[in-house]
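Peer 1: Take a look at this one; I'll ask things after.
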Amino acid sequence: MSDTLSPIRLHKQLDAIWGNGKGLERLAAVNHTVIGRRFMITALVFFLIGGVLAMLIRSQLASAQSPFMDADLYAQVFTMHGTIMMFLFAIPMFEGFAIYLLPKLLGARDMAFPRLSAYGYWCYLFGGSMLVVAMLAGVAPDGGWFMYTPLSSRPYSPGINADFWLLGITFVEISALSAAVEIVVSILKLRAPGMSLERMPIFAWYMLVVAGMMLLGFPPLILGSILLELERAFDLPFFDPTRGGDPLLWQHLFWLFGHPEVYIIFLPAAGAVSTILPVFAGRPLAGYRAVVIAVIAMAFLSFGLWVHHMFTVGIPHLALGFFSAASALVAVPTAVQFFAWLATLSHGRPRFSIPMLHIFGFFFTFVIGGLTGVMLAMVPFDQQAHDTHFVVAHLHYVLVGGFLFPMLAATYYWLPHLTGRMAVFPLAKPAFWLFFIGFNLSFLPMHLTGLRGMPRRVHSVLPEWGLETLNLISSGAAFIMTMGVALYLIDFFLLARFGRIFRRNPWRAGTLEWAMATPAPSYAFASLPAVTERADRLDADRLGGELAAGRGYLGFTRHGWMETLGVEMLTGRPQQLILLPRQTYLPLWTALATGLFFVLMLAKLYWFTPLALLLVLALFMGWARQTGLREDKGLLPVGRGIDLPPHGECEAAPSPMAMALTLTANATLYGSLLFGGLFLWVSAPGWPPPGTPQPMMAAVGIALLGLVIAPLAGAQAVTGIESGKAGRWLWLVAGAQGLALVALAMLLAQWAPDRTGHALAAICFIILCYVTLHCLMGLVFALYGRWRIATGHVSARRNLDLRLGLQWQCYTAGAGLLGLTFIHALPWLASLGGMA
Amino acid sequence: MASTLALAGCGGPVSTLDPAGPAADAIARLWWVMLIGAVALFILMMALFGLVMLRPGAGSGLSRRGWILAGGLGMPLPILTALLIYALIQGERLLPHPDGGPNGGVVRVEAVARQFAWEFHYPELGAGAAGTTLNVLHIPAGRAVDVTTRSDDVIHSFWVPRLGGKIDATPGHSPTIRLRADRPGLYAGLCAEYCGTGHRDMGFTVEAHPPALYEQRLRAALAGEEAQ
Amino acid sequence: MNRPVPHPTRHLLMIVAGFALWALAFVLLYGTQATGCKAGWHLVEMGPANLLRLVLALLFLLHLGAMLALVRYLRRQVVPMAGPVRFLNRVALFSAWAAIASTLFTFVWLFWLSPCQ
């Protein structure tokens, strides 16, 4: 713990703790550098698979004579192309990018929950692989990447294809949600001391907003997938119009996710541009605050325009007006960002470089995509262009322009960081021009193809449409684009293999990720910096040397602990010493057990699925065994004369915030379910149903009693630790939840017979299931708390385990009260249905 | 070069840019207006990017704040407002208002979609003329026609590009779109929403008859279908 | 080195408060429009308008009022001259103004467009 450690010795000591094993031990890695890299490489592989599918599509459509796939195979190909590019490439790619980069930009040694990153990665890998296996077996999903019901319902898609989509994507989305929780907590709590919110690099603001959007955007999709899988597997008629369901419910749930998702994909890429462009402008980003506001505005507006995918379903013009206006309005925060970039360049000394060349590609392409986006926001025009190749062209301009080009810029900017090497062969330029020209030649004419009447998803071109020449141009140019991709891959390989090794900070950037050795060491920073100005104006070269010499915070090791600092979230004042978990195989095992659940669902072995869930639960308990201290440590020195408590003894520890965020996402899912019920009441045919059960008041009363007692007793448990009464209060929590469970079981039994007859009963049944599941977890949390007390992990200061449980009990009580009210209110509203 | 020009042609049996009725015509006009605006804005953006990259300092006369306010708020807000009002006025005009259109009342027909064919019903035709036509919709030229869609299996979408926008046929719903063919003739229709393996081949034809001959020809067509 | 900041979460949440009100307005207006059409409120004549439009207008004005109150609150908040709290306060204030402009731009059409067709 002395200041006299040489940089080499410090490196060796840190690497002994943080370094990842060799051989099979690599599977135990939880380090953000490794996990981020794995995410990105896996996403690249999926991109190439999706790209091959795109080439199949363009070959099929090259001329009216060229079709070689029948309609069924073609349907699998276009569905998988969309699904892979959206869910298995774009989202995981930026997640990996953020996981890799954020701690390094923020001056931390890792993300807040490294095991969760690893678990998310395995879920992504296994879920994505399920879909690829389905494709190789010829049973890939074939209903289009937005899976509209009833085409994807059991009667019209009897095969296993749609189940692969619903289960595989839900499996993958676990990684999106876990990444979102972890990104928010890491940005708000794990920064370098002194990095107050207004000093954060702009990329962190972008990712903070994006992660927030993911927490609210993904739950509707997950809910929709669960409901559709329930309909397919157990015949609960949420989307069946003959039994009070509505296919439009799926469309609302899907696009309530689907449109924000476009911005979820765009914003990280825009964040990369906002990081890279100022470096080459030689001037800090103009309008930092304006950009933050624009990103917030964009995030919200993007949740208010999902119905522009539904302008042709017959929704009244007034409602369309809201969505049309919001869709147009989202161009304003986009313009603010564009002009912030232009302002930065105009007041700087811009220099051209390979990243800047790709930013030019981004400007060119994304402006076109944005302009056609405003066109599609106009209701009458959309009613013509909707579901044609105009939309196909538009969405590729937006996604290739708004994601691929910026990510290529980011790749050329940060590949030296990843590999420690700079490019020596001038392949990037020809690759760019092939890709850029191929892309524009392929997709610009496609606007016209669409306006001249070519619908989406037709499995070949009909000669009588007169669109063969346009399609041939698009197909031919697509192969130029493919050559560009191939050249990129060669260039990446050459750079990584033969690139020139550089010392530090090749672009003269002012952000913290360059203040470390490259490729990045496992522990990222040998010691943590103190930040005294905006963290994109730092002297990375000078800082790098100081930190490597251990002159920052935590420039030492103790007890083999993985340590990083937690700060007060607004001011960046150091607040706690965060002890991170060591390398472990548990995330892998847990993801495998989670995969077992999904495979059992796929195989329709429903009775065995609870066993898989129990296994998952047991493994998560195993995570807890590796966490936490068995004694109060008090204040510990962290260097530079400061002493901090370990996070387990800190009021503002990361985990309660993570729990609050998880519950927020959970509440969004639940809220979507309740709104789904109201939506069916308003919109679906066949309401009201002939008769619905009257909930047993006695059971409702008992359930409410249990639900209310649990959080009250849970709160007593937290305050009662000191006096040793916590254990007894936790037994009361468990008892209360048990009581609620008995009452809920009675209510479930009452609703169960009607659940397949009408959507009203199905919704009420599922709400009861949701509440039951939460009570069950409430019981688990109570027993978990009891177990942690018994193993000595709980003290008056180390009360995290009990606080997390209390959060859960409070949420469960709220959700239960709401649910029990709802199953009374919805049948009552339905009985009013005939009033008009 | 000549082939490029030929490509730029906008005609075609299913081209929205070759309108044959007021709805399609209005939307095509909206498209041309937006295209001109979009090209102008695109050129402006590229010119600004070129300026700041190639002539360093040329844009520094305007403060950074000025750039963001003028370009981020000052430019897009008026353009978007004007465009939105234009499109919403047009949208209101295209709605199937109960007061009907010019040239007398509105003709009502029903388009029932199934995998993979269209069946057209004519509820307004007098007694004794029940029946449907398969994959051919008969309408009078010059009169507003309200097409109400239905589906009993999956979602389809009724689309006659030269006459106007599309309207989905969603099971459990029956939305209406108003179309009009200015002149008698044949207009190709398509299914626009992916509905399964027969999606491509779910085309149909709209046959617009001179108004005076409409009822007679429709009855003949119905009788013909009956005979099959 | 820094004074402890009271309620850090509240300062942070304020930056989304304006747009959260916009989102709430969106949900309520869209939901009310759909419900009103089902219940036939648009057929109940109320002077120059109908019941549905009046309810929508009321909701619209309520949300505008709430946003103006938010702006007032943020302007009166006592914040230091520099640092994160001031930054968040400014972001919150300008976001609230942006949300007001967005509310006008998004929903003003409820005074004009066909509500149920």
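Peer 1: Give the residues of the range A:551-567 that are closer than 15 Å to A:GLY107 by Cβ, assigned to a loop (DSSP other than H, G, I, E, B) and open to solvent by less than 20 Å² (accessible area, probe 1.4 Å), sorted by residue number.
Peer 2: A:GLY552, A:LEU554, A:GLY555
Peer 1: Looking only at the range C:27-70, how many residues end up being open to solvent by less than 20 Å² (accessible area, probe 1.4 Å) and closer than 21 Å to A:PHE323 by Cβ?
Peer 2: The number of residues fulfilling the criteria is 9.
Peer 1: Residue pairs, Cβ under 7 Å, 6 or more apart or interchain, first in the range A:341-365 and facing chain B (nearest Cβ under 8 Å), second among the β-branched types (Val, Ile, Thr) and open to solvent by less than 10 Å² (accessible area, probe 1.4 Å). List them.
Peer 2: Cβ pairs passing all conditions: A:LEU342/B:VAL52; A:LEU345/B:VAL52; A:SER346/B:VAL52; A:PRO350/B:VAL52.
Peer 1: Another question, if that's okay. Out of all the residues in the range B:190-222, which are within 14 Å of chain A (Cβ to nearest Cβ) and in a strand (DSSP E or B)?
Peer 2: B:LEU190, B:CYS191, B:PHE204, B:THR205, B:VAL206
Peer 1: Another one. Looking at C:LEU52, C:LEU59, which is the one that is modelled with pLDDT of 95 or more and more than 15 Å from the chain's Cα centre (by Cα)?
Peer 2: Result: C:LEU52 is the single residue among C:LEU52, C:LEU59 that is modelled with pLDDT of 95 or more and more than 15 Å from the chain's Cα centre (by Cα).
Peer 1: Can I ask one more? For the range A:427-465, what are the residues that are hydroxyl-bearing (Ser, Thr, Tyr) and in a helix (DSSP H, G or I)?
Peer 2: A:SER442, A:THR449
Peer 1: Let me ask you something else. Of the numbered conditions (1) touching a residue at least 24 places away in the same chain (Cβ under 8 Å); (2) open to solvent by less than 20 Å² (accessible area, probe 1.4 Å), A:GLY720 satisfies every one except a single condition; which is it?
Peer 2: Checking A:GLY720 against (1) touching a residue at least 24 places away in the same chain (Cβ under 8 Å); (2) open to solvent by less than 20 Å² (accessible area, probe 1.4 Å), the one that fails is (1).
Peer 1: Inspect all residues belonging to the range A:514-524 and state whether any of them is free of Cβ contacts under 8 Å to residues at least 24 places away in the same chain and either under 23 Å from A:LEU427 (Cα atoms) or out of contact with any strand residue (DSSP E or B) (no Cβ under 6 Å at 6 or more places or on another chain) (or both).
Peer 2: Looking for residues that are free of Cβ contacts under 8 Å to residues at least 24 places away in the same chain and either under 23 Å from A:LEU427 (Cα atoms) or out of contact with any strand residue (DSSP E or B) (no Cβ under 6 Å at 6 or more places or on another chain) (or both), one finds none in the range A:514-524, hence no.
Peer 1: A further question on this structure: Within the range A:468-493, which residues are more than 32 Å from the chain's Cα centre (by Cα), more than 7 Å from chain B (Cβ to nearest Cβ) and within 14 Å of A:MET446 (Cα to Cα)?
Peer 2: Within the range A:468-493, A:GLU468, A:ASN471, A:LEU472, A:ILE473, A:SER474, A:SER475, A:GLY476, A:ALA477 meet the criteria.
Peer 1: Got a number for residues in the range A:691-709 being over 38 Å from the mean Cα position of the chain (by Cα), over 14 Å from A:GLY819 (Cα atoms) and open to solvent by less than 80 Å² (accessible area, probe 1.4 Å)?
Peer 2: Within the range A:691-709, residues that are over 38 Å from the mean Cα position of the chain (by Cα), over 14 Å from A:GLY819 (Cα atoms) and open to solvent by less than 80 Å² (accessible area, probe 1.4 Å) number 6.
Peer 1: In addition: Condition first: within 14 Å of B:LEU17 (Cα to Cα) and basic (Lys, Arg). Now tell me which residues in the range A:436-463 satisfy that.
Peer 2: The answer is A:ARG452, and nothing else.
Peer 1: Mind listing just one residue for me: the one in the range B:58-85 that is open to solvent by less than 60 Å² (accessible area, probe 1.4 Å) and in contact with a His (Cβ under 8 Å, 6 or more places away or on another chain) and, of those, nearest to the other protein chains (Cβ to nearest Cβ)?
Peer 2: B:GLY59
Peer 1: Go through A:LEU712, A:LEU730, A:LEU663 for me and flag whichever is more than 14 Å from every other protein chain (Cβ to nearest Cβ), closer than 30 Å to A:PHE254 by Cα, in a helix (DSSP H, G or I) and under 35 Å from the mean Cα position of the chain (by Cα).
Peer 2: Sole residue among the options that is more than 14 Å from every other protein chain (Cβ to nearest Cβ), closer than 30 Å to A:PHE254 by Cα, in a helix (DSSP H, G or I) and under 35 Å from the mean Cα position of the chain (by Cα): A:LEU663.
Peer 1: Further question: Is it the case that A:VAL307 is closer than 23 Å to C:SER114 by Cα and within 7 Å of another protein chain (Cβ to nearest Cβ)?
Peer 2: For A:VAL307, the condition - closer than 23 Å to C:SER114 by Cα and within 7 Å of another protein chain (Cβ to nearest Cβ) - is not met.
Peer 1: Also, I was wondering about something else. State all residues of the range C:88-98 that are at the interface with another protein chain (Cβ under 8 Å from one of its Cβ atoms), of a type in the set (A, V, I, L, M, F, W, C) and under 12 Å from A:ALA297 (Cα atoms); if no residue qualifies, say none.
Peer 2: Once the filter is applied, which keeps residues that are at the interface with another protein chain (Cβ under 8 Å from one of its Cβ atoms), of a type in the set (A, V, I, L, M, F, W, C) and under 12 Å from A:ALA297 (Cα atoms), the range C:88-98 yields C:VAL91, C:PHE94, C:ALA98.
Conditions tested, residue by residue: (1) part of a helix (DSSP H, G or I); (2) of a type in the set (Lys, Arg); (3) within 13 Å of chain C (Cβ to nearest Cβ); (4) in contact (Cβ under 8 Å) with a residue 40 or more places away in the chain.
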site: A:LEU253; (1), (2), (3), (4): yes, no, no, yes
site: A:GLY258; (1), (2), (3), (4): yes, no, no, yes
site: A:ILE264; (1), (2), (3), (4): yes, no, no, yes
site: A:LEU277; (1), (2), (3), (4): yes, no, no, yes
site: A:PRO284; (1), (2), (3), (4): no, no, no, yes
site: A:VAL292; (1), (2), (3), (4): yes, no, yes, yes
site: A:VAL295; (1), (2), (3), (4): yes, no, yes, yes
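Peer 1: Which one of the conditions (1) within 28 Å of A:GLY792 (Cα to Cα); (2) buried (at least 22 other Cβ atoms within 10 Å of the Cβ); (3) of a type in the set (Val, Ile, Thr) does A:ILE763 fail to meet, given that it meets all the rest?
Peer 2: So the condition that A:ILE763 fails would be (1).
Peer 1: Related question: Could you please give the count of residues in the range A:557-602 that are among the small types (Gly, Ala, Ser) and over 25 Å from the mean Cα position of the chain (by Cα)?
Peer 2: Summing the residues that are among the small types (Gly, Ala, Ser) and over 25 Å from the mean Cα position of the chain (by Cα) in the range A:557-602 gives 2.
Peer 1: Sticking with this structure for a sec: Would you confirm whether any residue within the range A:424-447 is open to solvent by less than 40 Å² (accessible area, probe 1.4 Å) and touching a Pro at 6+ places or on another chain (Cβ under 9 Å)?
Peer 2: Taking every residue of the range A:424-447 in turn, none turns out to be open to solvent by less than 40 Å² (accessible area, probe 1.4 Å) and touching a Pro at 6+ places or on another chain (Cβ under 9 Å).
Peer 1: If you take the residues in the range C:10-26 that are more than 8 Å from every other protein chain (Cβ to nearest Cβ) and either open to solvent by 40 Å² or more (accessible area, probe 1.4 Å) or of a type in the set (A, V, I, L, M) (or both), which one is farthest from A:GLY212 (Cα to Cα)?
Peer 2: C:ALA25
Peer 1: Anything in the range A:407-465 that is within 14 Å of another protein chain (Cβ to nearest Cβ) and at positive phi? List them, or say none.
Peer 2: The answer is A:GLY453, A:ARG457.
Peer 1: Could you tell me which numbered condition A:SER672 fails, if it satisfies all but one of (1) away from chain B (no Cβ under 14 Å); (2) part of a loop (DSSP other than H, G, I, E, B)?
Peer 2: A:SER672 satisfies every listed condition except (2).
Peer 1: A further question follows. Report whether or not B:PRO96 is within 11 Å of chain A (Cβ to nearest Cβ), in contact (Cβ under 8 Å) with a residue 24 or more places away in the chain, open to solvent by 20 Å² or more (accessible area, probe 1.4 Å) and in a loop (DSSP other than H, G, I, E, B).
Peer 2: yes
Peer 1: Turning to a different aspect of this structure: Which of (1) open to solvent by 10 Å² or more (accessible area, probe 1.4 Å); (2) away from chain B (no Cβ under 11 Å) does A:TYR397 not meet, given it meets every other one?
Peer 2: Status for A:TYR397: all satisfied but (1).
Peer 1: Looking at (1) within 14 Å of chain C (Cβ to nearest Cβ); (2) in contact with a helix residue (DSSP H, G or I) (Cβ under 6 Å, 6 or more places away or on another chain); (3) at pLDDT below 95, which is the one condition that is false for A:ALA540?
Peer 2: (1)
Peer 1: Taking only the range C:83-117 into account, find how many residues are within 13 Å of A:LEU570 (Cβ to Cβ) and either outside any helix (DSSP H, G or I) or in contact (Cβ under 8 Å) with a residue 40 or more places away in the chain (or both).
Peer 2: 7
Peer 1: In addition: Picking from A:ALA118, A:ALA162, A:ALA108, which residue would you name as being within 14 Å of chain B (Cβ to nearest Cβ) and buried (at least 24 other Cβ atoms within 10 Å of the Cβ)?
Peer 2: A:ALA162
Peer 1: Within the range B:168-189, how many residues turn out to be open to solvent by 10 Å² or more (accessible area, probe 1.4 Å) and within 10 Å of chain A (Cβ to nearest Cβ)?
Peer 2: Summing the residues that are open to solvent by 10 Å² or more (accessible area, probe 1.4 Å) and within 10 Å of chain A (Cβ to nearest Cβ) in the range B:168-189 gives 7.
The values are calculated or read from the model by the stated rules, or taken from the named source; none is laboratory data. Nothing here was measured: the structure is a model prediction, and the numbers come from that model. Note that we place each Cβ from the backbone using ideal geometry, even for glycine, and neighbour counts take in every protein chain shown. Heavy atoms of the whole protein, side chains included, go into the accessibility calculation; ligands, DNA and RNA do not. Shrake-Rupley method; radii C 1.70, N 1.55, O 1.52, S 1.80 Å.
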